Amino acid sequence: MKKVILFLMLVLSSLSFAAKKLYVGTNAEFMPYEYLENGKMVGFDIELMDAIGKELGYEIVWSNMGFDGLLPALQMKKIDAVIAGMSQTPERQKAVTFSMPYLLVTSDEHYVIVNENSPITHKEELKDKKVGVQIGTMQEEFTKQLGGLPQLYNSWTGALMDLQQNKISGVIIADVSAEAYLKNMTGLKKIDVVIDGQPGASIAFRKGETELAEAASKAILKLQDNGEYLKILEKYFPEKVEEFLTLQKNK
């Protein structure tokens, strides 16, 4: 019996070492999608990607880097996929292959945030003013469309800290992340929204890797049906749960 148990342990051990690895890049500066907590990466994207990896038989190996370096790293084969609250802009669609959007609720609003003492009350008033955005994000384009002057930061935290000190006039940031920051940072307020008409946050793979992208999409739908997706949503986006359940009933 001991020999049998030892044999089974050796087999299981060899299987674990043989597990396929999927190297995934993210930028842990985008609460609650992905962020650092006690030195560990946590967030909706992190748990969802780990669950997708489990469905597909992959061990997810994480790499945390600057947002603007994610797609270049993917194209240079330093990583295999990117999940970082990244929307499917036309420019990005030319460069990479995306999965289906994975935030299965509406998420097309971006908050315009200003200092609580700012006289600015509408987004149009950002024209010719400095607006903080993270490097490589779509909020830079929103700022240009409003006639603002994009000020590029390595992190949203840095942009919002400068806004607290009135070094810039505003920050444009995705709604769910904005809510998280507004709960934890004082001296800031939301005054308006920018609506994004692009497909929502999706997982990026190298151009042409449609099989992997489709497999990831199927895994997302399976997690939606088996209840695992809802558990992760409840943890990071509790305000979106009711909408998700309503959409599920109307499918």
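Tabulated data for the structure shown
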item	result
Solvent-accessible surface (1.4 angstrom probe) belonging to residue 33, in square angstrom, nearest 10	10
Percent of beta bridges antiparallel (DSSP, the chain, rounded to nearest 5)	55
Check: the chain dipole with +1 on Lys, Arg Cβ and -1 on Asp, Glu Cβ, in debye	820
Residue list for the range 137-153, given a label point 7 angstrom along the Cα-to-Cβ vector of residue 73 and an amide N cut-off under 20 Å	137-139, 153
Sequence of 129, 40, 144 when ordered by accessible area, the most exposed leading, probe 1.4 angstrom	40, 144, 129
The chain: projected area of the alpha-carbon convex hull, averaged over directions, in nm²	16.2
Relative contact order [Cα under 8 Å, 6+ residues apart], the range 124-166, whole percent	43
Charge dipole magnitude, Cβ of K and R +1, D and E -1 - the range 165-205, Cα centre, debye nearest 20	220
Charge-dipole axis of the chain as Lys and Arg at +1 and Asp and Glu at -1 on Cβ define it, positive-most pick from 245, 114, 166	245
Relative contact order %, the range 56-156, counting alpha carbon pairs below 8 Å whose residues are six or more apart	24
Difference of contour (0.36 nm per residue) and Cα-Cα distance, residue 41 to residue 198	53.8 nm
Simple spin-label estimate for residue 189 and residue 109 in nanometres, 7 Å along Cα-Cβ	1.7
Members of 218/249; 20/207; 189/235; 77/130; 144/183 lying beyond 30 Å, as alpha-carbon distances in this model show	77/130
Dipole of the chain, positive direction: furthest Cα of 236, 66, 104, with charges on the beta-carbon	66
Residues residue 135 and residue 222, FRET efficiency given R0 of 25 Å [Cβ-Cβ distance, rounded to 0.05]	0.15
Relative contact order computed over the chain (Cα-Cα under 8 Å; 6+ residues apart), in percent	26
Å² per residue, accessible surface of the chain at 1.4 Å	52
Distance (nanometres) between label positions extended 7 Å along Cα→Cβ at residue 61 and residue 242	4.5
Ratio Rg/Rh, restricted to the range 164-246 and using Cα atoms, in which Rh is the Kirkwood radius	1.07
Protein accessible area in the chain, 1.4 Å probe - carbon and sulfur %	54
Sites residue 161 and residue 249, calculated FRET efficiency, Cβ-Cβ separation with R0 41 Å, nearest 0.05	0.45
Largest to smallest accessible area among 162, 225, 196, 50 [probe 1.4 Å]	225, 50, 162, 196
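The values are calculated or read from the model by the stated rules, or taken from the named source; none is laboratory data. Here the structure is a predicted model, which means the values were calculated and not measured. Glycine gets a Cβ as well: all are built from the backbone with ideal geometry, and neighbour counts include every protein chain shown. For accessibility, only protein heavy atoms count, side chains too; no ligands or nucleic acids. Shrake-Rupley method; radii C 1.70, N 1.55, O 1.52, S 1.80 Å.
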